[in-house]
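J.: This is the structure I want to talk about, given as structure tokens.
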Amino acid sequence: MSTDTPAKAVGGGWFHYRRSLASRVTLLTTMAVGLTVAFLAAGAYVTVRMQLQSTLDDTLMERAYQTTKAPTLIDRRTGDELPAWAVLATDLRIAVVFSDGSTPYRPEKLDDAPRLGSPELAVARGEAKSSIRTVVGGDQEYRAVTVPYGDGQALVIAQSLEGQQRVLTKLGVVMATFGLLGVLAAGMAGWGVARNGLRPVRRLTSSVERIARTEDLTPLPVEGDDEIARLASAFNQMLLALGASRDRQRQLVADAGHELRTPLTSLRTNVDLLTQASSPGGPDLPTEAREELLDDIRAQIEELTTLIGDLVELARDEPLARVVEPVDLTGIVDHAISRVRLRAPSLTFDVDAEPWWVVGEASGLERAVTNLLDNAAKWSPPGGRVTVRLTRGVLIVDDEGPGIAEADRPHVFDRFWRADESRGLPGSGLGLSIVRQVAERHSGSVEATVAPSGGARLVMWLPGSEEPAPPSPPDPREDAHARTS
């Protein structure tokens, strides 16, 4: 994979780095595991802390109620009665709180004794049944439980939280240590998975770079049926389409060069003859021969013009632009017949066209229909009949010529294709190719069959309707683009 490279941010002068896919996978894996470990550690820590505190609270509360039932002892020096807990050595801090706030029984030192307050005084006054909370004594924290202890008294039992905090501290250190180790292990595992998992991507990238460098369109090997295999299959399909396009381009250039060679050679020969005849000491050409040469040159120029126009039309690979105005196909047929009649005055055109509207390019449709009629006029004998029918989008053009051999029908719409018997006739061999291209650009189709008279029948189908469709509302994006342009 490629290393991280700096890239300038769009619209500003700041720079940022685009990480490689492997580093991003590793980083995301590490972050995901790290967050998971952090949440688990925090949850475990909080759970243990709450469980320890709950256990301590239950123990203190039970001991407090048991202490209220302890017997009293007699002080031999003074004769006063003392509770048993006041003279027993325990791990607890015990005190009695009276309703006036005094604490007569408090044997521990005052400097580190838990500081009591209003919650304990509320229990002594009977305003609360019990109290349990965390209090501070000196530099330590205590968990203090307060329960009633006779009239106007409350017994307070407090235990230091130092041991519990020590356990929690050790638990936190252990969890943090193992969490960091887990994150480190997850990062290494993510790096290994990313490196091994992206190996097919690196191989595919190397193959694509080799194809871009050498222009060798050999398909890539496909292994398995995972996403990488689907990507390689899609890339192979793109290579096939690119290879087919390049082959068509080469064939078009080769065929165009072959077709241009003949009229250019003839034109150059005629121009050389006229040049020699016009030079001093050159041969004298009769007026009729000179006019014949000029007519031949004019015809060759027209043939070159037609051929170049057909090549430009066939070279248009862009999709059909969105046209919002429908086109009257019947009117296009009438206009095309009027043009062809001027070029073939001896032919009779039998026309029957029903109304049909097509959404598309009027100029392209007229060119396709004209090419169909020109082809029929070229093959029809003098005084022959050309039959034209338009029914529900199906345009049928029949001629009375020799027809098309069955083996030649699949090729009549190919570029520069000509039958053997048509090699000496004028034309570029591109007219019917343009017909097929226009039909396909309008979601239609073309077909060559046999007419009832034995001649050729060319059929073109175009989708549409008998009535013009209402115009679509203008696209505001197109209007904005037009204003910008």
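What follows is calculated from the coordinates using simple rules that are stated; it is not laboratory data. Not measured: the values here are computed from a predicted model. Reconstructed Cβ throughout: ideal geometry from the backbone, glycine too, with neighbour counts over all protein chains shown.
J.: What length, rounded to one decimal in nm, is gained on full extension from Glu406 through to Leu240, with 0.36 nm per residue of separation minus their alpha-carbon distance? Spell out each step's value before the answer.
T.: Numbers: separation 166, 0.36 × 166 = 59.76 nm, distance 3.03 nm.
The Glu406-Leu240 span can extend by a further 56.7 nm.
J.: Can you give the net charge of the other residues whose Cβ lies under 13 Å from the Cβ of Thr205, counting K and R as +1 and D and E as -1? Working shown, then result.
T.: Details: positive: Arg199, Arg202, Arg203, Arg210, Arg213; negative: Glu209.
Once all neighbours under 13 Å are counted, the net charge is +4.
J.: A further question on this structure: Tabulate in residue order the Karplus-calculated ³J(HN,Hα) for the range 128-143, using 6.51 cos²θ - 1.76 cosθ + 1.60 with θ = phi - 60°, rounded to whole Hz; enter x for Gly and Pro.
T.: 9, 6, 7, 8, 9, 6, 9, 10, 10, x, x, 9, 10, 10, 10, 9
J.: Can you figure out the FRET efficiency of Thr269 with Val48, using R₀ = 60 Å and their beta-carbon distance, to the nearest 0.05?
T.: Values: r = 105 Å, r/R0 = 1.74.
Between Thr269 and Val48 the formula returns 0.05.
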